[in-house]
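One structure is given here, and the rest of the page talks about it.
The values are calculated or read from the model by the stated rules, or taken from the named source; none is laboratory data. Source: prediction; values computed, not measured. Using ideal geometry, Cβ is built from the backbone for each residue, glycine included, and neighbour counts are taken over all protein chains shown. Surface accessibility is based on the protein's heavy atoms, side chains included, excluding ligands, DNA and RNA. Shrake-Rupley method; radii C 1.70, N 1.55, O 1.52, S 1.80 Å.
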Amino acid sequence: LGLAELTPLGRRVLAGRLGLSGPTAARHHGLSGGHDWAGHRRRLLRSLPHTLGTNDIFVGLAAAARRAAARGHDEALEEWRSAAACERRLCKPDGYGRYRRGRATLSFFLEYDRATERAAVYAAKFDAYYRYRASRQAQREYHGFPSVLVVTTGETAELLIEPAPSRIAAIDGPPAP
């Protein structure tokens, strides 16, 4: 794939150019590395097809906005955060984005799915969103909770995912701590 990887010195230099410490750069930009990097790197490589698919969604949105702007429309993908940058405890979106069309803005967590999980995993994932939405942390970090945009690679994934948000939406009252 022609992937490039920063050396430990390269990560420190990049974090410094961003005006951040290594841990802060990892938290806000997903910049990885350090003493426990080997295990983390293996996990990242195992999930590479998923990561590339997720990135393709964001690149597609940015390209669509650029094409629309070239035709005179006022559109932009204003923000794109990696999974590492928007993960909060059990709530682990595949990314966060903010798309603007004119004065209307849509903030969203992206869930990219290739039908690789069981239905119970989807239920737990949407339950984590529900709990995070009710948290003070979410209220501090977002002005209005972002939508959850689910993109699948086929009908099988849709059939597995579809009941999960409905079950969570049917829950009455705030989530249990």
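Things worth noting here:
- Output for the range 82-108, where each listed residue is part of a strand (DSSP E or B), open to solvent by less than 60 Å² (accessible area, probe 1.4 Å) and either in contact with a Pro (Cβ under 9 Å, 6 or more places away or on another chain) or free of Cβ contacts under 8 Å to residues at least 12 places away in the same chain (or both): 96, 97, 107, 108
- When 89, 81, 100 are screened for being at pLDDT 90 or above, farther than 14 Å from residue 54 by Cα and of a type outside the set (Phe, Trp, Tyr), only 100 passes.
- When each of 115, 119, 123, 76 is tested for being touching a residue at least 12 places away in the same chain (Cβ under 8 Å), touching a helix residue (DSSP H, G or I) at 6+ places or on another chain (Cβ under 6 Å) and on the phi > 0 side of the Ramachandran plot, the lone residue that passes is 115.
- Residue in the range 23-63 that is modelled with the lowest pLDDT, counting only those that are assigned to a helix (DSSP H, G or I) and among the small types (Gly, Ala, Ser): 38
- With respect to being open to solvent by 80 Å² or more (accessible area, probe 1.4 Å), assigned to a helix (DSSP H, G or I) and touching a residue at least 24 places away in the same chain (Cβ under 8 Å), residue 66 falls outside the description.
- Matching residues in the range 6-18 - criterion: being farther than 14 Å from residue 29 by Cα, open to solvent by 100 Å² or more (accessible area, probe 1.4 Å) and of a type outside the set (A, V, I, L, M): none
- Residue ID - surrounded by the most Cβ atoms within 10 Å (Cβ to Cβ), chosen from residues in the range 137-149 that are outside any helix (DSSP H, G or I) and at pLDDT below 90: 142
- Among the residues of the range 111-136, those identified as closer than 19 Å to residue 53 by Cβ and open to solvent by less than 40 Å² (accessible area, probe 1.4 Å) are 111, 112, 113, 115, 122.
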